[in-house]
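All remarks here apply to the structure that follows.
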Number of protein chains: 2
Amino acid sequence: MMELTRKGEYAIRGILYLARQPRGQVSLVGEIAEASEVPKTFLAKILQNFVKVGLVSSSRGTGGGFMLARPAEQITLREVVEAVEGPIMPNRCLIGAGTCERDVSCPVHPVWEKVRREIVAILDGVTIAELARD
Amino acid sequence: MMELTRKGEYAIRGILYLARQPRGQVSLVGEIAEASEVPKTFLAKILQNFVKVGLVSSSRGTGGGFMLARPAEQITLREVVEAVEGPIMPNRCLIGAGTCERDVSCPVHPVWEKVRREIVAILDGVTIAELARD
DNA sequence: GTATAAGAGGACAAAAAAGATCCACAAGGT
DNA sequence: ACCTTGTGGATCTTTTTTGTCCTCTTATAC
Ligand code: SF4
Ligand code: SF4
């Protein structure tokens, strides 16, 4: 139950690499992939996710590559995980009403809600900058 | 990320049915399955898991069936979930040393450990008895 | 002791998700 | 023009989830 996928793991390793680069420095997919030991083509997809949600900025052509779109101090672990894995959601019924016909007065429902809130709180409390300096 | 599977969901619904029966009353798989809206053969496997870990006791033959092996007040939601889904484990590297070559001084490691502890604490704080009376 | 009524266990199959790769294309630099 | 680098989509493989089936064992009833 409740396991981070490879994609999430790779995403963290990848963005940590970016966070460790000097401000303004762009990095190539291949470079990040090698350093983080992540399959290059897979990482490319992950970086695309980051770009889409505005965590990372990209540029093409010679001299192009990826860099953080915001300072690492302002990027939380939660944002990184959710960028590639979608919203944190311990049980499907939390998505919205009607997902489970039983959700009207389901006694277990509030427990999952609490779990969700706790996980979100922990991951929101950790920034990429903190993780990167080590 | 981190979603309970159907199996876990069915397990909870199933054991709640047992918890709502009068003490000493045995229930048939088919009966539990129908009431909980769970595929019967799948539920049978789940009940086998429960029996294996000692949460539920079973008997065969005429008059056989399933009942809680302990009072519902002494069964926590964590036990139920772990019985069918295995240990709560937000990231593979928590299983043990050597799972990830990077785990030596990995800065993210402690975060997952914290998440794990929190989830365990929440699920350990909820008993089947509490959930059943509703 | 034979029929019947359960659960136990294992093999197996379908469906979904995860993990990974490829290629044609767009955009930017020389 | 030509090279470089990211983009987007299609596709493929592997693993996990979800579910079924069949045979065997255990227990009761007649
Ligand atoms: S039974 Fe309750 S906890 Fe389970 S999916 Fe439905 S609403 Fe959620
Ligand atoms: S990189 Fe760190 S968090 Fe990720 S699997 Fe390895 S030890 Fe765990």
inquiry  = Looking at the range A:1-12 only, could you name the residues that are surrounded by fewer than 20 Cβ atoms within 10 Å (Cβ to Cβ) and assigned to a helix (DSSP H, G or I)?
reply    = A:6, A:7
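Can you pull out the residues in the range A:109-121 that are of a type in the set (A, V, I, L, M, F, W, C) and more than 16 Å from DNA strand D (Cβ to nearest atom)?
If the condition is that a residue be of a type in the set (A, V, I, L, M, F, W, C) and more than 16 Å from DNA strand D (Cβ to nearest atom), then A:111, A:115, A:119, A:120, A:121 are the ones that fit.
Criterion first (more than 30 Å from residue B:116 (Cβ to Cβ), surrounded by fewer than 20 Cβ atoms within 10 Å (Cβ to Cβ) and within 11 Å of chain A (Cβ to nearest Cβ)) does residue B:31 satisfy it?
The answer is no for residue B:31.
Could you go through the range B:49-60 and let me know if any residue there is more than 30 Å from residue A:13 (Cα to Cα), more than 16 Å from DNA strand C (Cβ to nearest atom) and in contact (Cβ under 8 Å) with a residue 40 or more places away in the chain.
The answer is no; no qualifying residue exists.
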remark   = When the range B:103-134 is checked residue by residue, the ones that are under 17 Å from residue B:82 (Cβ atoms), within 9 Å of chain A (Cβ to nearest Cβ) and among the β-branched types (Val, Ile, Thr) are B:115, B:119, B:122, B:126
inquiry  = So, in the range B:1-47, how many residues would count as being basic (Lys, Arg) and more than 9 Å from DNA strand D (Cβ to nearest atom)?
reply    = 3
request  = Scan the range B:84-95 and give yes if some residue there is more than 10 Å from chain A (Cβ to nearest Cβ) and touching a helix residue (DSSP H, G or I) at 6+ places or on another chain (Cβ under 6 Å), otherwise no.
outcome  = no
inquiry  = Given the condition buried (at least 18 other Cβ atoms within 10 Å of the Cβ) and within 14 Å of chain B (Cβ to nearest Cβ), answer yes or no: does some residue in the range A:51-69 qualify?
reply    = no
message = Take the conditions over 30 Å from residue A:9 (Cα atoms) and within 14 Å of another protein chain (Cβ to nearest Cβ) and apply them to residue B:72. Does it pass?
response = yes
inquiry  = Cβ-Cβ under 9 Å, sequence separation 6+ or interchain: first residue in the range A:90-103 and without any contact (Cβ under 8 Å) to a residue 60 or more places away in the chain, partner in a loop (DSSP other than H, G, I, E, B) and of a type in the set (D, E, K, R). Which pairs?
reply    = A:91/B:3; A:92/B:3; A:101/B:37; A:102/B:37
note = Among the residues of the range A:73-83, the number that are away from DNA strand C (no atom under 16 Å from the Cβ) and in contact with a helix residue (DSSP H, G or I) (Cβ under 7 Å, 6 or more places away or on another chain) is 5
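Of the residues B:19, B:69, B:11, which single one is touching a strand residue (DSSP E or B) at 6+ places or on another chain (Cβ under 7 Å) and touching a residue at least 40 places away in the same chain (Cβ under 8 Å)?
One residue alone meets the criteria, B:19.
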ask   = Taking residue A:70, is it under 28 Å from residue A:43 (Cβ atoms), away from DNA strand C (no atom under 16 Å from the Cβ) and outside any helix (DSSP H, G or I)?
value = yes
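Condition check ((1) more than 16 Å from DNA strand D (Cβ to nearest atom); (2) assigned to a helix (DSSP H, G or I); (3) among the basic types (Lys, Arg)) across all residues:
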position	(1), (2), (3)
A:63	no, no, no
A:84	no, yes, no
A:90	no, no, no
A:106	yes, no, no
A:123	yes, yes, no
request  = Mind listing just one residue for me: the one in the range B:90-134 that is within 16 Å of DNA strand C (Cβ to nearest atom) and surrounded by fewer than 18 Cβ atoms within 10 Å (Cβ to Cβ) and, of those, modelled with the highest pLDDT?
outcome  = B:92
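The values are calculated or read from the model by the stated rules, or taken from the named source; none is laboratory data. Quantities reported herein were computed from a predicted structural model and do not represent experimental measurements. Every residue, glycine among them, receives a Cβ derived from its backbone with ideal geometry; neighbour counts consider all protein chains shown.
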